[in-house]
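Below you'll find the structure, written out as structure tokens, and then a few comments.
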Amino acid sequence: MGYNFTEIEPRWQKRWEAEDPYRVKRDPSRKKFYCLEMLPYPSGRIHMGHVRNYSIGDVISRFMTMNGYNVMHPMGWDAMGMPAENAAIKSGNHPRQHTYDHIEMMRTQLQNLGFSYDWDREIASCDPEYYKWNQWIFLKMMEKGLVYRSRRSVNWCPSCRTVLANEQAEGGTCWRCDSEVELKELEQWFVRITDYAEELLNGLDNLPQWPENVKAMQRHWIGRSEGSFVTFQLDGIDKGLEVFTTRIDTIFGSTFVCLAPNHPLVKEIRQMSPERKAIDEFVGRMNHMSREERLASTEKLGQFTGIYALNPFTKKRIPVYLANFVLMEYGTGAVMSVPAHDQRDFEFAKKYQLPIVPVIAPEPGFRYEEELTEAVEASGVLIDSGVFTGIASDTAKIEMNEVAEAGEFGRGAITYKLKDWGISRQRYWGTPIPIIYCDKCGIVPVPEKDLPVRLPDDVTFTGEGGSPILTSESFLHTACPKCGGNARRETDTMDTFVDSSWYYYRYLNPHLDTAPFDVDDAAYWTPVDLYVGGVEHATMHLIYTRFFTKLLRDFGLLKIDEPVNKMVTQGMVIKDGRKMSKSLGNVVDPDDMIQKYGADAVRVFMLFASPPEKEIEWKDQGAEGALRFLNRVWSFGENNPEIVQKEETFVAEELEGEARSLFQKLHQTIAKVEEDIEKRLHLNTAIASLMELYNQLSATSLEGETIRPVAGAVYRDMIRMMMPFAPHMACELGEVYGFDVSTWPKLNRKFAVPDSFTLVVQVNGKIKDKIEAWVGIEADAAFELAAGSERIAAELAGKTVLKKIYVPDRLLNLVVR
RNA sequence: GCCCGGAUGGCGGAAUUGGUAGACGCAAGGGACUUAAAAUCCCUCGGGGUCUUCCCUGUGCCGGUUCGAUCCCGGCUCCGGGCACCA
């Protein structure tokens, strides 16, 4: 009859849907396991990357279930965001319609792959029942002073009169009308993630089961930097200019100061500056530069402001410049420039003919005799630095910080590259920010009882004139919760990263309407034991989600500090050596593959071809190979039904020969597969060892009374071990031949070691012979055995054995002369 | 530029703690079955040598440590990823 996956797989999927065996609830009497995979954006079709991601999670879930854990394995939809809104602009369909249509299609696709999700816990972030809690969290943050409003520039298309995302403004032109994109400053909402910077950084040390590269990326992203704030008095103006530096030890060499072109002080300076015109021109030029232009060039551009500042240590008067390389987003948006010891300042000084004064000797006795050709960035000993001359950089930093603090013009400080999180989006398809603006009362948060603030339906999608939400009269106008007067609503919606920052807590109680989730459920289920997803989320999502966990903990909802115990980042699925993309025309459709090879074979190949963290190249031939393997396993049952069916007992200790070796191979395989799945997550080698087990089983002669019960037992346990990988086939075989496939085989360590091994005999490190030996053989006995070999005897003839190195059950190396 | 990874047969990969390099699979070649093909099964498969139950050689390159190195150390080359004028 053959292995007919086309018939078997849909039948089991229907059954799983009807019986819902993956439904779980809190059960303190059992050990829990929370297996999480990154939820997809409902783009309409799943892609091979999802197949890989979810196949990995499914294996772990099924494996842990079979081992008696109470496994929660949920799935949901990251359903807000621009594509649905863009589609609405094109087609006129409401984003909600569009999104839910996609969700339906994709859920079916996931079911076609046989994943063991508890669909009762399904969530969609576009559901008001979900985003209500985004709003609730926002209000909580507000209460705690963790949100504030500030101006930030956004990409703006003057022709469409709308805000653009970076990817819509690529190349500096609007994606819809090709107009030149401008930067425009808007008042936006920010979340004080920087308040948690230190904890987010230090917490990484408590995540031993996270990939090192992900932690390294987060460390860089947070970008902690120790230095000093120093205030430079402006000459003739009653204002200070605060700079951040990590090299206060070089301050005696600071010969000018640079401001970011968009530094707030620039507006004041221009009022009184003789260089007013030049300043305006320079600022205008910088504002019109696109991201790309700015990134493309490292040429230093500057403009003298006509203003001078006083170096607080040297008391010297030094010029204040505007400079393109100074970033408003970092530090204070102003730097003290030390051209002798900073390459950027050096280039700037050369270009604008500013003095270069060395103040650090990298080695004792170092003399600056020739003119510098580049900055000397190394630390060393201070020279020409007044009372600090002769002190080492490290010490000088500390002492100078103290002097600055005593003189109230500076202090030691720590800055981060991590910026506060701007969550405002001038878009429709996102969570409305629950704020009301009243002329009398100002900024008023929406009272908790009025949540959720729902997205309005009376909107039109034109792509012009800003967010579609502005077209809704019913949404815009509301009553002030405080005074009852006329007020208007905040029209910005939240960044969708808010949605995905805490969704796995909502899985705990997806329909609870009194809290985002139940505290006791959280205490039982969290943290997530295993989180599988793409490495592209190493920074943004995985930092935000750690941040939210700390927030929710501080709100009293969680008892954990970190959301995820073990993180696995899987590599991309590629084709013909390249990322799959529509433009390259190399996209492989999961549905086509399922139809051709079956879900089980697709899963097996995906897991077999490569370990999870590596890239994987999709190959039809590889899936064929996986299908061949499943076919062979199937056929064995078909050809030997009486062996597979009949569960005859046997005494393992009494087995001999082939039967014994087969039984040992079974237990070696159990040990190996367990270790590969649980400890290493190397599912490729787990499958390889199952193939080895099958190869030995199929090579065994099935004649004879003793071997047959053993072969049956081996086959049944093998199918059980295949259950996480190829669940449809395993279930079908279990049912056809009447055995249970729901529990993991029990390992008997006694049989997980073979009786004999191949003793490798080396002479002076070169392999000279291989001899079968008993496991556990003593060094002396091994030597006797080796000496008994003709070849070794010949090697030793006339020579002295200086040293015998014996590695138990492996190798004997004889050092001779 | 800085910070992480990585480099093993024709290909994907294995070798988990320094101990048989190439498990497992794909591709390829040969054979069996067949009127034929597909499917299936069997054999060969890093390179070289007088193709042998034998020898030499081989894990990007150069050197080191060690009885022994794909694995550890130093110096390179190339590839991938992240960050990128971060003061």
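The values are calculated or read from the model by the stated rules, or taken from the named source; none is laboratory data. As the structure is a prediction and not an experimental result, all values here were calculated from the model. All Cβ positions, glycine included, derive from the backbone under ideal geometry; neighbour counts span all protein chains shown. Ligands, DNA and RNA are stripped out before the accessible areas are found, and what is left, the full protein with its side chains, is counted by its heavy atoms. Shrake-Rupley method; radii C 1.70, N 1.55, O 1.52, S 1.80 Å.
Data for the structure
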{"item": "Residues being exposed (fewer than 15 other Cβ atoms within 10 Å of the Cβ) and either in a loop (DSSP other than H, G, I, E, B) or within 11 Å of RNA strand B (Cβ to nearest atom) (or both) - total across region A:588-598", "result": "1"}
{"item": "Residue pairs meeting the criteria (Cβ under 7 Å; at least 6 apart or on separate chains; first in the same structural domain as A:TYR715 (by TED's automatic domain parsing), in region A:661-675; second outside any helix (DSSP H, G or I) and of a type in the set (S, T, N, Q))", "result": "A:LEU662/A:THR700; A:HIS667/A:ASN748"}
{"item": "Among (1) in contact with a Ser or Thr (Cβ under 9 Å, 6 or more places away or on another chain); (2) in contact (Cβ under 8 Å) with a residue 40 or more places away in the chain; (3) away from RNA strand B (no atom under 16 Å from the Cβ) - the single one A:GLY734 does not satisfy", "result": "(2)"}
{"item": "Breaking point among (1) closer than 24 Å to A:GLY57 by Cα; (2) surrounded by 15 or more Cβ atoms within 10 Å (Cβ to Cβ), for A:GLU678", "result": "(2)"}
{"item": "Elements of type helices (runs of 4 or more DSSP H) in region A:177-275, at least 1 residues being within 34 Å of the chain's Cα centre (by Cα) and surrounded by 15 or more Cβ atoms within 10 Å (Cβ to Cβ)", "result": "A:197-203, A:212-222"}
{"item": "Restricting region A:612-643 to residues that are open to solvent by 30 Å² or more (accessible area, probe 1.4 Å) and more than 10 Å from RNA strand B (Cβ to nearest atom), the residue that is farthest from the chain's Cα centre (by Cα)", "result": "A:GLU642"}
{"item": "Of the criteria (1) open to solvent by less than 10 Å² (accessible area, probe 1.4 Å); (2) more than 16 Å from RNA strand B (Cβ to nearest atom), which one A:MET721 fails", "result": "(2)"}
{"item": "Condition met for A:THR491 (open to solvent by 20 Å² or more (accessible area, probe 1.4 Å), modelled with pLDDT under 95 and either among the β-branched types (Val, Ile, Thr) or within 27 Å of the chain's Cα centre (by Cα) (or both))", "result": "no"}
{"item": "Output for region A:403-425, where each listed residue is within 30 Å of A:ILE248 (Cβ to Cβ), small (Gly, Ala, Ser) and either open to solvent by less than 50 Å² (accessible area, probe 1.4 Å) or within 15 Å of RNA strand B (Cβ to nearest atom) (or both)", "result": "A:ALA404, A:GLY407, A:GLY410, A:GLY412, A:ALA413"}
{"item": "Among (1) aliphatic (A, V, I, L, M); (2) part of a strand (DSSP E or B); (3) over 38 Å from the mean Cα position of the chain (by Cα), the one test that A:VAL357 misses", "result": "(2)"}
{"item": "Residue in region A:754-793 that is farthest from A:MET64 (Cα to Cα), counting only those that are within 13 Å of RNA strand B (Cβ to nearest atom), among the β-branched types (Val, Ile, Thr) and out of contact with any Phe, Trp or Tyr (no Cβ under 7 Å at 6 or more places or on another chain)", "result": "A:ILE792"}
{"item": "Enumerated helices (runs of 4 or more DSSP H) restricted to region A:599-666, each holding at least 3 residues that are over 18 Å from A:ILE687 (Cβ atoms)", "result": "A:620-639, A:641-645"}
{"item": "Residues (surrounded by 17 or more Cβ atoms within 10 Å (Cβ to Cβ) and either out of contact with any helix residue (DSSP H, G or I) (no Cβ under 8 Å at 6 or more places or on another chain) or not in a strand (DSSP E or B) (or both)) located in region A:426-443", "result": "A:GLN426, A:ARG427, A:TYR428, A:TRP429, A:GLY430, A:THR431, A:ILE433, A:PRO434, A:ILE435, A:ILE436, A:CYS438"}
{"item": "Residue in region A:796-807 that is away from RNA strand B (no atom under 12 Å from the Cβ), under 50 Å from the mean Cα position of the chain (by Cα) and of a type outside the set (Phe, Trp, Tyr) present", "result": "no"}
